[in-house]
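Chemist: Dumping the structure here so I can ask a few things about it.
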Amino acid sequence: LNLSVEDNCIKELISLPEGMEQLFMTKNEMTNVCVKFDDRLRILDLENNELEEINFNIPKMLERLNLSKNKIAYIRMVMPENLSHFDISNNKLADIDDLTINNKLKYFDVSSNKINKIADDKLTGINYVDISDNNCNGNDSDSDSSIHIRTLYNGSDNGDDLEDGEDIYGGALDNFTG
């Protein structure tokens, strides 16, 4: 079961039909999500709303989560085991210290936030990371090592056509060298 409710004036999500696998609720005015999502939900897109926090359960089988273009300033979350794509760009995040990243995450977009530092080990193993348009000025390490990730996106491409293991370097790692 898939549901797409886009470009409306929905302010709060309080119930959904059972068995939902994909939910697209973009361009609404949601400030609150008061529903317990079915664990079978695989795609959740809440882009371009008014959310200030993640105060809802993250379904166990979720593969893609889009929370971009909201007003989220803090994130405390353990990613579900199957989450491979996570977009939390264009929010108000100052850090991602309380975000536990799983080992299956392949796409991670935290661009256009207010992040100052990201721990060296936070981005390990992710194929595509966008950290552009943040306040990053260094890493968490006292060593001279940089973050080791296979692909780093810095605004020149959307990453959809990358081969597994292909590297993009747009200079963004300069800001993450100790």
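Chemist: Just to check your reading of the model, which residue among Lys92, Lys11 is at pLDDT 95 or above and either open to solvent by 70 Å² or more (accessible area, probe 1.4 Å) or in contact with a Phe, Trp or Tyr (Cβ under 8 Å, 6 or more places away or on another chain) (or both)?
Modeler: Within the list Lys92, Lys11, the selection yields Lys92.
Chemist: State the number of residues belonging to the stretch 14-23 that are of a type outside the set (D, E, K, R) and open to solvent by 80 Å² or more (accessible area, probe 1.4 Å).
Modeler: Going through the stretch 14-23 one residue at a time, the tally reaches 2.
Chemist: Identify, by number, the condition in (1) over 20 Å from Lys71 (Cβ atoms); (2) modelled with pLDDT of 90 or more; (3) open to solvent by 30 Å² or more (accessible area, probe 1.4 Å); (4) in contact with a Ser or Thr (Cβ under 6 Å, 6 or more places away or on another chain) that Asn154 doesn't meet.
Modeler: Condition (2) is where Asn154 drops out.
Chemist: Would you pick out the residues in the stretch 24-71 that are open to solvent by less than 20 Å² (accessible area, probe 1.4 Å), modelled with pLDDT of 95 or more and assigned to a strand (DSSP E or B)?
Modeler: Hits for the stretch 24-71 are Leu44, Leu65.
Chemist: Please verify whether the stretch 86-93 includes one or more residues that are closer than 18 Å to Pro59 by Cα, within 13 Å of the chain's Cα centre (by Cα) and of a type in the set (D, E, K, R).
Modeler: Within the stretch 86-93, one or more residues are closer than 18 Å to Pro59 by Cα, within 13 Å of the chain's Cα centre (by Cα) and of a type in the set (D, E, K, R).
Chemist: Given (1) open to solvent by 60 Å² or more (accessible area, probe 1.4 Å); (2) touching an Asp or Glu at 6+ places or on another chain (Cβ under 6 Å), identify the lone condition not met by Tyr74.
Modeler: Looking at each condition in turn, Tyr74 falls short on (2).
Chemist: Right, next: Name, by its number, the condition in (1) touching a Leu at 6+ places or on another chain (Cβ under 9 Å); (2) assigned to a loop (DSSP other than H, G, I, E, B); (3) free of Cβ contacts under 8 Å to residues at least 24 places away in the same chain that does not hold for Tyr74.
Modeler: Against the list (1) touching a Leu at 6+ places or on another chain (Cβ under 9 Å); (2) assigned to a loop (DSSP other than H, G, I, E, B); (3) free of Cβ contacts under 8 Å to residues at least 24 places away in the same chain, Tyr74 comes up short only on (3).
The values are calculated or read from the model by the stated rules, or taken from the named source; none is laboratory data. Because the structure is predicted, anything quoted here is derived from the model rather than measured. Please note: Cβ atoms are built from the backbone with ideal geometry, for glycine as well, and neighbour counts cover all protein chains shown. Side chains included, ligands, DNA and RNA excluded: accessible areas come from the protein's heavy atoms. Shrake-Rupley method; radii C 1.70, N 1.55, O 1.52, S 1.80 Å.
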